[in-house]
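Here the structure comes first, spelled out in structure tokens, and everything after it is commentary.
Bear in mind that the values in this text are calculations on the coordinates, not laboratory data. Since this is a predicted model, take the numbers as computed values, not measurements. Note that we place each Cβ from the backbone using ideal geometry, even for glycine, and neighbour counts take in every protein chain shown.
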Amino acid sequence: MTTEDIERAVERLTPDELARFRAWFDQLVAKRFDQLLEQDIGAGKLDEFAEEALSDYRAGQTRDL
């Protein structure tokens, strides 16, 4: 099955089917994003950003949202 096949199949979905598909797809994307984020955290790729944020916080250079 190609991407084009999938696109054509999605175009044929009823509104209810499309809503169910969209909900499923949104969950899939979120799950994969979370997995990538966890991998990046485990690999230390975000350590520099975290330290910078903590340093700013400790120096009083932050504000409440």
### Task
Step through the residues of the stretch 37-50 one at a time and calculate ³J(HN,Hα) from phi using the Karplus curve (6.51 cos²θ - 1.76 cosθ + 1.60, θ = phi - 60°), rounding each to whole Hz and writing x for Gly and Pro.
4, 4, 5, 5, 5, x, 7, x, 5, 9, 4, 5, 5, 5
### Query
Karplus couplings for the stretch 5-12 from phi (6.51 cos²θ - 1.76 cosθ + 1.60, θ = phi - 60°), rounded to Hz, Gly and Pro as x?
4, 5, 4, 5, 5, 5, 4, 8
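Among residues other than Asp40 whose Cβ falls under 14 Å from its Cβ, what is the net charge (Lys/Arg +1, Asp/Glu -1)?
Here the count lands on -2.
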#### Entry: Rg and Dmax of the chain, Cα atoms only, in Å
20.1, 56
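In the neighborhood of Arg58, defined by Cβ-to-Cβ distances under 13 Å, what is the net charge if each Lys or Arg adds +1 and each Asp or Glu adds -1?
Details: positive: none; negative: Glu51, Glu52, Asp56.
Here the count lands on -3.
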